[in-house]
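Take a look at the structure below.
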Amino acid sequence: MAGKEDYQTEVIGTCATNAKAGSEFTREIDPKFLWSYAQEEALIALSEKGKDGCYRLITDPERRAKRIAARYADLYLQSGRRTGNQIQLYWVGLAAFVVKDIVEAFRYSREEVLDAGWRNWLRTSTMPSLVSEAITEASPYEHALRVYTALAKGNLWLFMDIYPWLWFFLEYGFDRDGNVLSQRLTSHVEMRKTSTLQEQSRLAVEALPFGIKWLEALKKHLSSDPVRERAGQYFDGQVAWGGREAAYGQHEAQVAMAHRHVRQHVKNHDGGKRVPPSKYWATFKEAFYVLEEEHKELMRVANDGAANSKLQRVAQFGVTGEMRDAYQVLIKQASTSDKFQKQKEELVILAKQEQLRVLQPLIYEDAALIKTMDINHMISRAVPGLSPRYEVVYSAKPKTADQELRSTFDRPTGFWDQVTGPTQSLPNPEHRMKYVGQIAKDYNRLMSKKRAYMEGEIRKISWWLNA
């Protein structure tokens, strides 16, 4: 049932045994089976087991994000224990904080923008002219939904790529005496490919959100939306953001009825494809306008052939130079006295895998998203507090006033820098990797001087394992 995002645990091999107590039998297992286990671990991490014994993917991106943050945190905490303190996975600790901030970004998009109603109109009309001109060609709802969708896509597929690499290292990289199996790790890192996974795992990967099968189902979902069609009957003319003021002035009762109809019935046509999931829509004051923008953005995503091709390349999960290097650095960490130095090296290598190998092609080359993210950044610099800045918060809480616990992208250096606008763009790989360098520096500083605090916060994030 993998085509429906359902899958079961698999028996991938058997071996003979005998009746002699204490006897042992060693059998070399084909690496593709081990990689199937690793991929299945990532799939199950973001799924729930039904009464029929099948695991079904959690369709809510926010719940998935909590699970992802917790899994990264748990992998950090487990690595020292499982390796006898020979190896401490390091990047995953930072990843736990970053994904925790993604959870907050989802919440902000819903509660502060999609639920804001006329407050969005007031925002655009009272902004400085530079910001106002940039944003009025698209609604705040459009921008919020674009970010929400991109975060859902990037967060899911990065986890599917990078989590199995690290889980595999801990699960199969040591013998029963705790010795690192360097030869196995060096050879097996070359052998991960989606095409060689066991059938159920491979089909489950192929059915994941934003893959070809999922997008085909999305197109069908969008082509016939009875909730949208019925709500649209309350209008005689234009109902998109640009016509909202006139529509509201002339047909106040009809507009209210359209919004109410969407709030009450949006769940009837969900199918795991709504963005955000329909359970959040009950508080959207202008639910029909949100629905119109959702339809437009999801149609854009479904028809973006270039983006879909890039995802297919990423989803092959073949080895990269970064993952070869990461395995070697982790192997060396087990035999060196300066483990912290190797941890810092691992962080740099995996950051390149994360940012350049996965997220750059998956989301950061989308021209529409680039424009949206640059507008958001412009607003956050020009009018502090109106839009959240791009930053990592080193706390289990979404916010902190302690600047030592925050890494902020392109922070203004003074008033003139603030009013003249940004010169950095987060989707730009050069600018983003410069920021990643700043994050690494701050994370290393905190892990060097406040590791007990940092690990305590990572442990709190791990409590989301059953979110």
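The values are calculated or read from the model by the stated rules, or taken from the named source; none is laboratory data. Every value quoted in this text rests on a predicted model; they were computed, and no experiment measured them. Here the Cβ positions follow ideal geometry from the backbone for every residue, glycine too, while neighbour counts run over all protein chains shown.
Would you confirm whether any residue within region 272-284 is outside any helix (DSSP H, G or I), of a type outside the set (A, V, I, L, M) and touching a strand residue (DSSP E or B) at 6+ places or on another chain (Cβ under 9 Å)?
yes
Mind checking which residues of region 385-419 are farther than 22 Å from Phe106 by Cβ, outside any loop (DSSP other than H, G, I, E, B) and within 27 Å of the chain's Cα centre (by Cα)?
Gln403, Glu404
Taking region 304-334 on its own, how many of its residues are more than 17 Å from Ala38 (Cβ to Cβ) and touching a residue at least 60 places away in the same chain (Cβ under 8 Å)?
Going through region 304-334 one residue at a time, the tally reaches 8.
Among the residues of region 84-91, is there at least one that is more than 25 Å from Gly271 (Cα to Cα) and in a helix (DSSP H, G or I)?
yes
Filter region 217-233 for residues that are surrounded by 11 or more Cβ atoms within 10 Å (Cβ to Cβ) and of a type outside the set (Gly, Ala, Ser) and give the result.
Once the filter is applied, which keeps residues that are surrounded by 11 or more Cβ atoms within 10 Å (Cβ to Cβ) and of a type outside the set (Gly, Ala, Ser), region 217-233 yields Leu218, Lys219, Lys220, His221, Leu222, Asp225, Val227, Arg228, Arg230, Gln233.
How about region 322-367: which of its residues are small (Gly, Ala, Ser) and more than 24 Å from Gln438 (Cβ to Cβ)?
Ala334, Ser335, Ser337, Ala367
In region 190-203, what residues are at pLDDT 95 or above and crowded, with 20+ Cβ neighbours inside 10 Å?
Arg192, Leu197
With the checklist (1) more than 22 Å from the chain's Cα centre (by Cα); (2) modelled with pLDDT of 70 or more in hand, flag the one item Gly13 doesn't pass.
(2)
Under the condition of being in a loop (DSSP other than H, G, I, E, B) and closer than 15 Å to Trp157 by Cα, which residue from region 297-337 is farthest from the chain's Cα centre (by Cα)?
Among those residues, the one meeting the criterion is Gly318.
Restricting the search to region 125-181, which residues are among the β-branched types (Val, Ile, Thr) and either under 23 Å from Gln328 (Cβ atoms) or at pLDDT 95 or above (or both)?
Once the filter is applied, which keeps residues that are among the β-branched types (Val, Ile, Thr) and either under 23 Å from Gln328 (Cβ atoms) or at pLDDT 95 or above (or both), region 125-181 yields Val147, Thr149, Ile162, Val180.
Taking region 181-237 on its own, how many of its residues are part of a loop (DSSP other than H, G, I, E, B) and in contact with a Lys or Arg (Cβ under 9 Å, 6 or more places away or on another chain)?
7
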